Amino acid sequence: MMMMMAMMMQSRACGRGVVAAASAQCGSRRRAVAEGMMRTRVMVREAAAATAPQMVRLETWRTLSTKAALQTQQQETHQQTQQQQHMPSCFTRRRTTASPSTSCAVDFDQLEAVDAGPLGLFVFPDVISEAEEEHLMSQVNRKLKRMRYASAHFDRAISGYREMRKSRWDPASMDTFARLQTMHPSLQAHIQPNPSYHILDLEAEGTIFPHVDSLKYAGPVIAGISMLSDAVMTFASEKDPSDVIEAFLPRRSMYIMSNRIRYDYTHAVEYKQFIWGGNTYERTRRVSLLMRNED
Ligand SMILES: O=C(O)CCC(=O)C(=O)O
């Protein structure tokens with residue numbers, strides 16, 4: 001009974017007067033608590049009905065509740081690690097010089113490192129393993145392979161690309177998406193769990209020209225997983241063209257675009273070759289999996 005009351009109090013505290021993002025963070029804990037409460041109710045009913053097997057059952061329930069608490073704790077630790085992992089200044093830099101050529105190497109090391117988090121831009125490296133990347137690619141490649149690269153998008157935002165939507169995913173992919181959703185509160189708050197994702201396949205010579213995603217068709221948070229190639233995404237303020245932020249998007253990383261970076265800055269993937277952290281990179285075929293809510 002005490003345990004049940006403690007769970008109810010915890011559950012209420014979790015849901016009281018919290019903002020949307022924080023409430024999303026609370027979600028997993030609330031689920032675990034609700035699960036625990038359901039279990040406790042069943043346990044009480046069973047304890048009243050049974051006599052001898054009761055002790056065994058109580059032990060089993062205790063183990064299950066401890067397991068649920070442990071899982072919640074592990075999930076929170078994982079979430080914290082992932083949130084720390086976006087390592088702002090390693091992946092985002094402010095460009096103060098004139099626009100460099102889109103095909104030449106640029107020494108990003110000479111640019112000023114900047115934390116773009118306050119603008120709503122986050123980069124998380126290594127969010128999927130090589131095996132997960134291979135698996136996701138196998139899920140999208142079958143259809144992509146039957147398509148031709150188009151030379152220009154209808155709104156001229158992209159060249160050298162093919163694209164598709166995919167809403168049916170196998171359980172392994174769904175597990176990956178469920179894990180990615182826990183990585184930032186904005187994803188839990190704004191990306192619907194129904195994974196109808198946009199896949200953009202950009203050939204090595206392709207370019208995403210500066211644009212702002214549709215205000216009508218895309219919601220306030222956009223997340224992208226980069227597969228097959230490293231790239232640099234350039235964000236330029238629409239009001240002040242000298243305000244430019246470059247984000248290094250390593251292969252198998254995820255970026256989140258929200259708040260000002262989503263609405264007040266254009267984004268583009270133009271460089272074919274670039275230098276970051278002293279290494280020279282060549283952008284090859286890049287496939288991005290884009291999560292947007294469409295409300
Ligand atoms: O490939 C990406 O990460 C961004 C794609 C993009 O800009 C778009 O689909 O509007």
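What follows is calculated from the coordinates using simple rules that are stated; it is not laboratory data. All values reported here derive from a predicted model rather than from experimental measurement. Counting neighbours? That spans all protein chains shown, and the Cβs are built from the backbone with ideal geometry, glycine included.
For ALA231, list long-range residues whose amide hydrogen, built 1.01 Å from N in the peptide plane, is under 5 Å from its own amide hydrogen.
LEU249, ARG251
Once you place label points 7 Å from the Cα toward the Cβ at ARG94 and ALA178, how far apart are they in nm?
4.2 nm
Report ³J(HN,Hα) in whole Hz for each residue of region 259-269, in order, from the Karplus equation J = 6.51 cos²θ - 1.76 cosθ + 1.60 where θ = phi - 60°; Gly and Pro get x.
Coupling constants for region 259-269: 6, 5, 5, 7, 9, 9, 10, 7, 10, 7, 10 Hz.
Starting at the first residue of region 209-222, write each ³J(HN,Hα) from the Karplus equation 6.51 cos²θ - 1.76 cosθ + 1.60 with θ = phi - 60°, in whole Hz, x for Gly and Pro.
7, x, 7, 10, 4, 3, 6, 7, 9, 10, x, x, 10, 10
Under a 5 Å amide H to amide H cut-off, with H placed in plane at 1.01 Å, what residues pair with ILE191 once short-range neighbours are removed?
Those lying under 5 Å, H to H, from ILE191: there are none.
Put a dot 7 Å past each Cα toward the Cβ at SER151 and VAL212; how far apart are the dots in nm?
In this crude spin-label approximation the distance works out to 3.1 nm.
³J(HN,Hα) across region 241-247 via Karplus (A = 6.51, B = -1.76, C = 1.60, θ = phi - 60°), whole Hz, x for Gly/Pro?
In residue order, the calculated couplings are x, 7, 8, 10, 10, 10, 10 Hz.
Would you mind computing, in nm to one decimal, how far apart the modelled labels at GLU134 and GLU203 are, each placed 7 Å from Cα along Cα→Cβ?
Taking the two extended label points, one gets 2.7 nm.
Name the long-range amide H neighbours of ARG283: under 5 Å, sequence gap of 5 or more, or other chain; modelled H, no Pro or chain starts.
Those qualifying (amide H under 5 Å, at least 5 residues apart or on another chain) are GLN273, PHE274.
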